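Presented below is the structure to which this report refers.
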Amino acid sequence: MTRRLMLLDTASLYFRAYFGVPDSVRAPDGTPVNAVRGLLDFIARLVQDHRPDDLVACMDFDWRPAWRVALIPTYKAHRVAAEGAGVDQEEVPDTLSPQVPVIDEVLDAIGIARVGAADYEADDVIGTLTGRAAGPVDIVTGDRDLFQLVDDERGVRVLYPVKGVGTLQLVDESYVREKYGVTGRGYAELALLRGDPSDGLPGVPGVGEKTAAKLLAAHGDLAGIMAAVDDPAAKLTPAQRKRLAEARAYVEVAPKVVRVASDVALPAFDPALPRSPRDPGAVAALAERWGLGGSLRRLLSTLEE
């Protein structure tokens, strides 16, 4: 039987939950738990609506890997809150940071697989698990970078939250082609040419999204574009030729930064969606300690169904 796999870009979702659920949602001791409860509600809705057989909460064990920064120093630099001991601290709202360990504990107690890898982002875990999947894959993320994994032939699509997770944009190859003028496979190259301020990617000056799409359509891929720079007969405007030539050093390293990894060594884990909590005692204790109430009950009820 072909199993449907759902991969959660967990940080993307709990950030959305944090900003989408009022911080008046608090534990009995007054600690905000809006991100925790919001994420549990998200997962319940996703399971109810899409019925995956397997589900993995993919984690950022390193949100800004040193090997990416070594290639492009500006990578996510604007998000660094503090530097020290060789580890950059991400700028995260003060009332969100304490909720992340609670999310980890709750997912573990329920038995939802939570997977990450040292020196890699959740995107890389998602890329690796997508590549390994034998059946269809639903990737739930608010990060457009993962559009590069969309593949109709393999049944890989992105579920992109528009409003919570009740309203999702289903991103398949036709959507990517219509909106960006490239295939899913070509999205990473479009992104690196265009640049992305949210990730600190400078892009090629003067090359916006539409120009990047036209260049890729005309020359096939990034290698074809750069070959055209060195070919006087190739159809490039003088300005494009000059800008691409000046950006050559960036273009040479950017693909490794922008493309998600597909070969990350991951620990053994069971992706099967649990029907009942792995540790009922821990779930009950966490529910009482953090006042998880209806959010946790709804998720457990959905899993039992």
message = Can you tell me how segment 1-121 classifies by the Cα gyration tensor, rounded, prolate or oblate, using a/c under 1.5 as the rounded cut?
response = oblate
task = Give me the compactness ratio for segment 152-305, meaning the Cα radius of gyration over 2.2 N^0.38 Å.
result = 1.52
request  = Can you send over the solvent-accessible area of LYS214, 1.4 Å probe, protein chains only, in Å² to the nearest 10?
outcome  = 150 Å²
ask   = Given a cut-off of under 8 Å on Cα pairs at least six residues apart, what relative contact order in percent is computed for the chain?
value = 25 percent
ask   = In sequence order, what are the phi-derived ³J(HN,Hα) couplings for segment 110-122 according to the Karplus relation 6.51 cos²θ - 1.76 cosθ + 1.60 with θ = phi - 60°, rounded to whole Hz, with x for glycine and proline?
value = 5, x, 7, 4, 10, 10, x, 8, 4, 6, 9, 8, 4
ask   = Under the Karplus relation 6.51 cos²θ - 1.76 cosθ + 1.60, θ = phi - 60°, what is the ordered set of whole-Hz ³J(HN,Hα) values for segment 290-305, x standing for Gly and Pro?
value = 10, x, 7, x, x, 4, 5, 4, 4, 5, 5, 5, 5, 5, 5, 5
query = Placing +1 at every Lys and Arg Cβ and -1 at every Asp and Glu Cβ, with all other atoms neutral, what dipole size does segment 1-144 have around its Cα centre, in debye to the nearest 20?
reply = 460 debye
ask   = Each residue of segment 33-46 in turn: what ³J(HN,Hα) in whole Hz from Karplus with 6.51, -1.76, 1.60 and θ = phi - 60°, glycine and Pro shown as x?
value = 10, 5, 5, 5, 5, x, 5, 4, 5, 4, 5, 4, 5, 4
message = Suppose we keep just the DSSP beta bridges with both residues in the chain; what percent of those would be antiparallel, to 5?
response = 45 percent
task = Could you tell me the accessible area of ARG51 in Å² (1.4 Å probe, neighbours in place), rounded to the nearest ten?
result = 120 Å²
note = Here, segment 191-255 modelled as identical Cα point scatterers in vacuum has Debye log10 I(q)/I(0) at q = 0.25 Å⁻¹ of -1.15
query = Label ARG79 and LYS214 with points 7 Å out from Cα along Cα→Cβ: what is the distance between them in nm?
reply = 3.2 nm
ask   = Any idea of PHE61's accessible area? Nearest 10 Å², probe 1.4 Å.
value = 120 Å²
inquiry  = So for each of 25-33, 186-194 I average, over its residues, the number of other beta carbons within 10 Å; can you give me the resulting order with the highest mean first?
reply    = 186-194, 25-33
key: FRET efficiency estimate (nearest 0.05) - Cβ-Cβ, GLU246 to THR31, R0 45 angstrom   = 0.30
Farthest positive-ward along the chain dipole, Cα basis, beta-carbon charges - from ALA133, VAL258, VAL92 = VAL258
request  = Could you tell me what percent of the accessible area of the chain is made up of carbon and sulfur, with a 1.4 Å probe and every protein chain present?
outcome  = 51 percent
ask   = When the Cα centres of segment 57-76 and segment 127-176 are compared, how far apart do they sit, in Å?
value = 21 Å
inquiry  = More than 16 angstrom separation, counting every C-alpha pair in segment 127-193; what % is that?
reply    = 43 percent
inquiry  = What number comes out for accessible area per residue over the chain if the probe is 1.4 Å? Units Å², please.
reply    = 47 Å²
message = Quick check: with the 1.4 Å probe, what order do SER24, SER198 take by accessible area, largest first?
response = SER24, SER198
message = Taking Kirkwood radius over Cα pairs in Å straight from the coordinates, which label in (i) 20.7; (ii) 21.2; (iii) 19.7 is the correct one?
response = (i)
Residue-span extension gain [ASP230 to ARG132] - 0.36 nm each, minus C-alpha spacing = 31.5 nm
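The values are calculated or read from the model by the stated rules, or taken from the named source; none is laboratory data. None of these values were measured; they are calculated from a predicted model. Because the Cβ atoms are built from the backbone with ideal geometry, glycine has one as well, and the counts that use them run over all protein chains shown. The accessibility values were calculated without ligands, DNA or RNA, using every heavy atom of the protein model including side chains. Shrake-Rupley method; radii C 1.70, N 1.55, O 1.52, S 1.80 Å.
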